[in-house]
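For reference, the structure is listed below as structure tokens.
Just so you know, all these numbers are worked out from the coordinates, no wet-lab data involved. Computed from a predicted structure; not experimentally measured. Positions of Cβ are generated from backbone atoms using ideal geometry, with glycine treated the same way; all protein chains shown enter the neighbour counts.
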Amino acid sequence: MPDMTTLHATPTALPAWSALGELAAAPLTHLRELLHTDTERSRRLSASACGITLDASRQRITPAIHSALIALAEQAQVGAQRDAMFRGDPINLTEHRPVLHVALRGDPKADGPWGQAISADVARELDRVCTFADGVRSGAVTGHSELVFTDIVNIGIGGSDLGPRMCADALAHLTVAAPRVHYVSNPDAWALYSVLHSLDAARTLIVVSSKTFTTQETLTNAASCQRWLVDSGVPAERVSRHLVAITASPKKSAELGYPADQTFLFWDWVGGRYSVWSALGLPLAIGIGGAAFREFLAGARAMDDHFCTAPLAQNLPVLMALAGIWNRNFLHLPTQLIVPYASRLVRFTPFVQQMDMESNGKRTHIDGTPATVDTGAIVWGGLGIDGQHAYFQLLHQGKHTVPVDFIGVQSEDTPLPLASTHHAVVNLNLRAQAQAMAEGRSVEATRALLQQDGVAAAELDALAQHRSFEGNIPSSILWLDRLSPARLGSLIALYEHKVFTQAAIWRINAFDQWGVELGKTMAKQMEAPLAAAQHRPAGGKA
Ligand code: F6P
């Protein structure tokens, strides 16, 4: 554990924080100048690792600001805090837990800083998950009437849904020969009916994913699934062949009839939003196969190694975290847009939204004092190409300045004759949008263009205002050389460590989530009278 007496209680106590405040108070050169006058600066704001290249040259960061940001990471002892996490120190102070999602993707040939016991537990469960997943894919694992499973229904919400579901879309090109995997998170009956109504119960496996096995939405859907299996002809005494539980609470899942041999475990030191690497990845492993799932883990491990060894100034998670802190705390920009351009990353932003906002949406420092600085940004977005035809107008000409993470894939593997043309269109748009946001187009340049186009003199001045662009919108581009299980694993780990680094600098606990409790408590309080009025036990069946 880093020496808690030397760790800052608040980043405002760090000399680099004050230096950054002074730099932010001075006039800042426009990006259109920074981009064209200082190539060394662009080089310092770019870095590559694990097949991912970060181009942060369109961030509003000068060499002096860059140096002060690196100093901030040093003074905040980001490295020591990172090492404490990897070592398994109980850094989740309010729940007295270690934070060891990194152990889930540890090197199977080495024990890792968390120790041999955890490595052995992880390896055992990973083997069970991959063996079961490959058994479902091969037909070795079957339903009550020995029919192979053609459809898997994953019931889960939040971190028990978003990760595997996002990855399944991102790696859809690897799932074509597998059983179909459906994801249901919403307890609205239509969400489940719309999946079940076309399925053959004899060939359907229900996977209930829940760390606590107490989440009301998940248990509501799970109970309906068990009812559907029996109503659809699966003998009650054989229903368990169609049930899988993935949980850190096996006693609870066993009480609800989930068989031990089809219950896959993870541990309380895995946060829900960091759990895709655990047994919760089973539906993904069924989709892509056990070998590809291990490649996915290896990609994350490669990013872990980079995070732990690269100098701060070439460290991708650190550079992304620092750019975010400059935008959030010094340029006072409250949101962060994430726009992938590859359509298979369609669910990536909602996934990062939970990871970032459930981690850093905090108002209390680690020591229990009120946060003295702004913390987690509002993360939003979706596919960039669609955004261009929806909300990019506001980005270019509205009254908000919104920092943007663009995510692109450099290679194309779609088996269509004109795929390379599609690919060129997509990535050209990504590049053009990043450049347009940075450079803008001045009123003078716009006026000259309009004049060339023959716009009447009387209209010129007014129209030039309407059609000019302030620019100076900060963005980063993340280029993946290809979209593979390993690259996806590296990309997710990159964002996980970015979130960690920001929390380490802000001195907040990124790994608890007390904010979700009040709503659940309120629901139970409101349900009691409602249940009484309907003469049914609270939390029970109608
Ligand atoms: O949103 C609160 C939360 O606890 C998330 O952190 C978690 O991923 C989700 O609900 C589901 O929880 P469980 O996996 O325990 O059902």
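A few points about this structure:
- Selection from ASN186, SER240, ILE206, by position along the positive dipole direction of segment 149-247 (Cβ): SER240
- Over segment 365-492, the alpha carbon radius of gyration divided by the compact-protein estimate 2.2 N^0.38 Å works out to 1.43.
- For segment 157-252, the fraction of C-alpha pairs more than 18 angstrom apart is 49%.
- Taking every C-alpha pair closer than 8 Å and separated by at least 6 residues, the mean separation divided by the residue count of the chain gives a relative contact order of 20 percent.
- Unit charges on C-beta of K, R, D, E only; dipole of the chain, Debye: 460
- Shape annotation for the chain: C-alpha extents along the principal axes are 81, 61, 55 Å, from largest to smallest.
- Options PRO98, GLY381, ALA528, ranked by Cα towards positive dipole end of the chain, top entry (Cβ charges): ALA528
- The alpha carbon centroids of segment 38-91 and segment 341-382 are separated by 18 Å.
- Each peptide in 41-49, 420-428 receives the mean, over its residues, of other Cβ atoms within 10 Å, and ordering these scores from highest gives 41-49, 420-428.
- The Stokes-Einstein estimate for segment 101-293, based on a Kirkwood radius over Cα pairs and taken at 10 °C with 1.306 mPa s viscosity, is a diffusion coefficient of 96 µm²/s.
- Annotation note: trypsin sites (Lys or Arg not before Pro) in segment 472-502 located in DSSP loop regions with a Cβ neighbour count of at most 15 within 10 Å are ARG482.
- Sorted largest first, the principal axis extents computed over the alpha-carbon atoms of segment 307-449 equal 58, 45, 31 Å.
- Computed over segment 101-293: relative contact order in percent, which uses C-alpha pairs under 8 Å that are six or more apart: 31
- For the residue pairs LYS211/LYS524; LYS109/LYS252; LYS498/LYS524; LYS252/LYS498; LYS109/LYS362, the alpha carbons lie more than 29 Å apart in LYS109/LYS252; LYS498/LYS524; LYS252/LYS498; LYS109/LYS362.
- Rg then Dmax, both in Å and based on the Cα atoms of segment 3-49: 15.9, 45.
- Segment 172-187 versus segment 401-469: alpha-carbon centroid distance in Å: 36
- Packing-based order for 445-457, 74-86, 186-198, using average beta carbon neighbours within 10 Å, highest first: 74-86, 186-198, 445-457
- Peptides 306-316, 248-258 ranked from most to least packed give 306-316, 248-258, packing being the mean of other C-beta atoms within 10 angstrom over each peptide's residues.
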